[in-house]
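Note sheet for the following structure.
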Ligand code: ADP
Ligand code: MG
Ligand code: ZN
């Protein structure tokens, strides 16, 4: 090892921190124990009082001794009194500048006075060394962080973390992730197979005169495995993985982001072949010069630097840049030009089959009971991302341990799903009017849902509070649905209004509660989208809404024409009409089934939870279920 300054610091920092910790943990307590009563050590400064309070104490005759420090600006007061538990306490008091008048007063009160030289107040030997060590550690740390490393190379080193290497660039020599660890994203994997081949055997391409993409953009919602995929490419190709997050560039001082980008690419080129992964690239890569209030200089400089770097290296240097975002629509078009991120790969939330595959990956290392069907879990979890599924299996495993079992059973998995979907379970309400009202609300959802032909089946109704909700009706989604019909949306709206409808019918208009707030929000949004996006209303088959976007994110300010006032009124009218009709339908269903509703509510209050099949059986005794 070279005995350079860097090395010295590298050793010095941890050692000094360690020494400091040892000092704090071991030596100071030991010294404190042996401190005699009269010794004003620094261990006393913890309690303080105001000057006014001190004068009161003095008047009460509670003050025994005053030690003056800091040229008479600070005093350590020894006092004893009923307020202080009748024990001698040492208390610190900041004295006002006119503190000199105090002396006669103290003398009159027969208080023992002692003065100490300037500065002495903060320099007991213990504290001096302590302070010294802290300052040295801080200085060393700062020097260390601000010194630029001249070479980050050394691929044998695992994951250099923040502070150890160049600020926030992370470097992993071997990610240890393989394509097999990423499931349910087959198209993306196929695309990437080519990238892996290029990294391993560039000749295959260069011999033919082909240039390989420099940049690949991964687009998809959070938790769908974008980072994992990028790592898998590096892992499969056996090349180092450099990663940095776009959001980290933005917080920095002007100009720093750009130089970080330069550094990042310099390091990457020195370590080629390798993968450079830029997470959340939208943070730097937004459309330039749009957002409200002018552009963000720092962001633009960083982005320009990134573009320059990507143009700068030859197609065959072996550096491949992979960027991830969940908003490709707001990216600057310059980023997407050929020779930059010209390939886009979409990674979406998995479908049922994809979820099954991801579940398989995440149950490989777990002990699972035979009664658990991954297929059934996959069917019950539409909308779950890969990260949600990983979390689900982990929660189930933790719960199994907590229950002292040796195998994960479907009971633990059910609990884990419920928790991820709806939050933590609370304690049940005691029987009361409001519990009764919640029960009617939930049974309202359940019965409307059950009796509507196009509605998903009820999985269970429960009065166990969870997250924000005080009761819940769970529906069993039949299959993955990418296309939803008009009658299905209408059924969902009626079902969502079932809760409020039940409250109104049973308790009257004046007793309805805020509990339906969430339902109404959903109802309104569904009805509105029927009108404005899906052309499912009398307004006709028009799309009336431009992609909604945040004007601060750029672009959306310029795009699309605002709908005219008449159109706005039309949208409003049709939305209301849909909701009114659905609400009437919900009210009708509640009124027509009052007897079974009353029965179910009593049962629910007694049992807390009614399973879907039981519910259907009971309802079918009273009325005909849709087929
Ligand atoms: P993103 O970068 O898209 O937000 P990550 O790659 O960070 O998502 O995924 C987080 C975690 O979720 C991964 O570490 C992995 O455990 C799990 N995961 C996500 N997607 C998948 C997938 N397709 N296959 C297997 N595991 C996945
Ligand atoms: Mg990520
Ligand atoms: Zn509700």
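Quick note: the coordinates plus some simple rules give every number you see, no bench work behind them. Keep in mind that this is a model prediction, so the values were computed, not measured. With ideal geometry, Cβ positions are generated from the backbone for all residues, glycine too; neighbour counts draw on all protein chains shown.
Once every Cα of the stretch 168-346 carries one equal point scatterer and solvent is ignored, give the base-10 log of I(q)/I(0) from the Debye formula at q = 0.08, 0.12 Å⁻¹, two decimals.
The Debye formula, applied to the Cα set alone, gives -0.23, -0.51.
Kindly put 175, 532 in sequence by how many other C-beta atoms sit within 10 Å of each C-beta, fewest to most.
532, 175
Which distance in nm do the two modelled labels at residue 116 and residue 211 give, with both placed 7 Å along the Cα-to-Cβ direction?
According to this spin-label approximation, the distance is 7.3 nm.
Using Cβ contacts closer than 10 Å as the measure, can you line up 411, 434 from fewest to most?
Going from least to most buried by this count: 434, 411.
Could the peptides 345-356, 596-607 be put in order, highest first, of the mean number of other beta-carbon atoms found within 10 Å of their residues?
My ranking of the peptides, most packed first, is 345-356, 596-607.
Sort 441, 116 by Cβ crowding within 10 Å, fewest neighbours at the top.
Least crowded to most crowded, the residues run 116, 441.
Arrange the peptides 415-428, 213-226 so that the one whose residues have, on average, the most other Cβ atoms within 10 Å appears first.
In descending order of packing, they fall as 213-226, 415-428.
Take every DSSP beta bridge with both residues inside the stretch 168-346 and express the antiparallel ones as a percent of the total, to the nearest 5.
For the stretch 168-346, the DSSP antiparallel bridge percentage is about 15.
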